[in-house]
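What follows is a short report on a single structure.
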Amino acid sequence: MKDSFSKRYTPKKLLREELDIDKKNQEVGRTYLETVKNRGDRPKGMRYFEEIVSDTKFVEKLKDEGKPIVGVLCNIVPREIISAAGAIPLRLCSGSPPAVEVGEGVLPRDVCPLVKSTMGMQIAQAKLHQVCDLLIIPATCDGKKKTASLLNAYLPTWVMEIPQDKDYLKNRDLWVKEVKSLIARLRKFTGNFAGKTELTKIIKEYRHQVDIAREFHSFRGGKPELLSEMDYLLVMQAAFILSPALWSEKVSQLLEDLKKQKSPANNKKRILLAGSPVIWPNYKIVQLLEESGAEIVADTLCSGTESLFNPAEVDEWTYAGMLRAIALKYLFPSICPCFVEGEDRIDRILELRQKFKIDGVIFHTLRLCTVFDIENQLIFKVLSEKGLPYLNIYTDYSQEDREQIRTRIEAFLEMLE
Ligand code: SF4
Ligand code: SF4
């Protein structure tokens, strides 16, 4: 599957041992985890999620299941379809700062850190990438689209085309057709695709996962003092790796434990975190907010709440009806900024403001992420009109701007007082 274009961009002789990216990621992650581990009231169940995300042992064990492993980027490739083809989906969007440097070996500097980091993880043969047999990348933004051709030098990499806007009548059939063509390719790749009974079971498992995720989200939003946002993100990002059934079981247990815990009252400012994804092990923005005394009560991140927010709404339990429901779930309710429309993202922020009594919004814009940068301006205008205080933080995966960001956050929190 290697084409000459991607071969030209493949760095020579970068060995996994030399780079040891998994170890470096653990070291970066540790600096954030120390903050949450020092909280005396951290639920014991968090240890499990921390290990799933920070340790590579679980990922290595996935290979023992004997199923093909399919790495995906973003929130748009239908995971139910991968499971129905008898494969295991793994989300690979990376927050690794050390991998950014590796990615810069083949990508221009002026590409967003998420894309450079994901490319770097592949070059450095991080375990998450090493176990994959296939990659599926949606053509969301230019960085992802072009990186797909480079990733193809390492692993078979398919690109999923996505409609540019969410006009239902114009794009419904186009998108369903794209998902059906993915099914045909996957069936050929794995030699397998679920029949009606198995597909029904898969949809129900994923729906149950969304139900649990929504309960978890609502509960934590009501009592954010019980669980740090860093821990919340660890739980949500464990779903990038765990099967929906196992994730649901473990989160249900965690919820039970949290419900028994007493909630210490505090009068911290209630913040909504929006914008570009915050992904393990780069929890810089969250750590700075929490250290500055803010309580993050909700988010609209595709690496957080939005990753498990929409269920497949099946109208008819026929085979075609089920496939259509899976496809539609990933497109029309999505608030990813790669679509032309941005109003639904603003509506979600306003809905969350109401539900969780938000005092202010922090918008996290990853450097060189044009789609979020443009949205930032639009959102700022609307939220100003609605009287909701707003601060944009433009940053990357480095540590250099830490103190500068801290000062801006502190000034923002003071202003909210
Ligand atoms: S915001 Fe959209 S394009 Fe960007 S990483 Fe998330 S799902 Fe992908
Ligand atoms: S949407 Fe933005 S953050 Fe996500 S991959 Fe594209 S440029 Fe990077």
| task | Only helical DSSP H runs with n ≥ 4 go in: add -39500 (n - 2.57) per run for the chain, normalise by residue count and round the 222 nm mean residue ellipticity to 500 deg cm²/dmol. | result | -16500 deg cm²/dmol
| So, in Å, what gap is there between the alpha-carbon centers of segment 65-119 and segment 210-231? | 26 Å
| said: Less than 13 Å from a label point 7 Å out along the Cα-to-Cβ axis of D257: which backbone N atoms in segment 210-228 qualify, by residue? | reply: 227-228
| query | Rounded to the nearest 0.05, what FRET efficiency do I374 and L350 have when you use their Cβ-Cβ distance and R0 = 22 Å? | reply | 0.70
| note | Taking R0 as 25 Å and r as the Cβ-Cβ distance between D41 and A411, the FRET efficiency 1/(1 + (r/R0)^6), rounded to the nearest 0.05, comes to 0.30
| message | Show me the three semi-axes of the equivalent ellipsoid for segment 249-403, from the C-alpha gyration tensor (sqrt of 5 times each eigenvalue), largest first, rounded to whole Å. | response | 28, 22, 16
| request: List H129, H217 from most exposed to least, where exposure is judged by having the fewest other Cβ atoms within 10 Å. | output: H217, H129
| Which shape class, rounded, prolate or oblate, goes with the chain when its Cα gyration tensor gives a ≥ b ≥ c as root eigenvalues, a/c under 1.5 marks rounded, and past that a/b bigger than b/c marks prolate? | rounded
| said: I need to check one value: relative contact order of segment 332-411, counting alpha carbon pairs closer than 8 Å and at least 6 residues apart, in percent. | reply: 29 percent
| By counting other Cβ atoms within 10 Å of each Cβ, how are E225, E403 ranked from fewest to most? | E403, E225
| Are there trypsin sites (Lys or Arg not before Pro) in segment 243-272 that DSSP puts in a loop and that have at most 13 other Cβ atoms within 10 Å, and which ones? | K262
| query | Total Lys pairs in segment 172-264 closer than 28 Å by alpha-carbon, pairs eight or more apart in sequence or interchain only? | reply | 23
| task | Mind giving me the FRET efficiency for K170 and E313? R0 is 35 Å, r the Cβ-Cβ distance, nearest 0.05 is fine. | result | 0.95
| query | In segment 325-384, which GluC sites (Glu not before Pro) fall in coil by DSSP and have 13 or fewer other Cβ atoms within 10 Å? | reply | E341
| Relative contact order of segment 87-180: what whole-number percent is it, with Cα pairs under 8 angstrom and at least 6 residues apart? | 20 percent
| query | Points 7 angstrom from Cα along the Cβ direction at S218 and N267: gap in nanometres? | reply | 3.0 nm
| message | What distance in nm lies between label points placed 7 Å from Cα along the C-beta direction at L246 and K177? | response | 3.9 nm
| field | Relative contact order (percent, whole number), the chain, Cα cutoff 8 Å, 6+ residue spacing | value | 19 percent
| Net length gained if the chain between E205 and Q399 were fully extended (0.36 nm per residue, minus Cα distance) | 65.9 nm
| So how do F372, F193 line up by other beta-carbon neighbours within 10 Å, fewest first? | F193, F372
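Values in this text are rule-based calculations from the coordinates and carry no lab data. From a predicted model like this one, the values you see are computed outputs, not experimental measurements. Note that we place each Cβ from the backbone using ideal geometry, even for glycine, and neighbour counts take in every protein chain shown.
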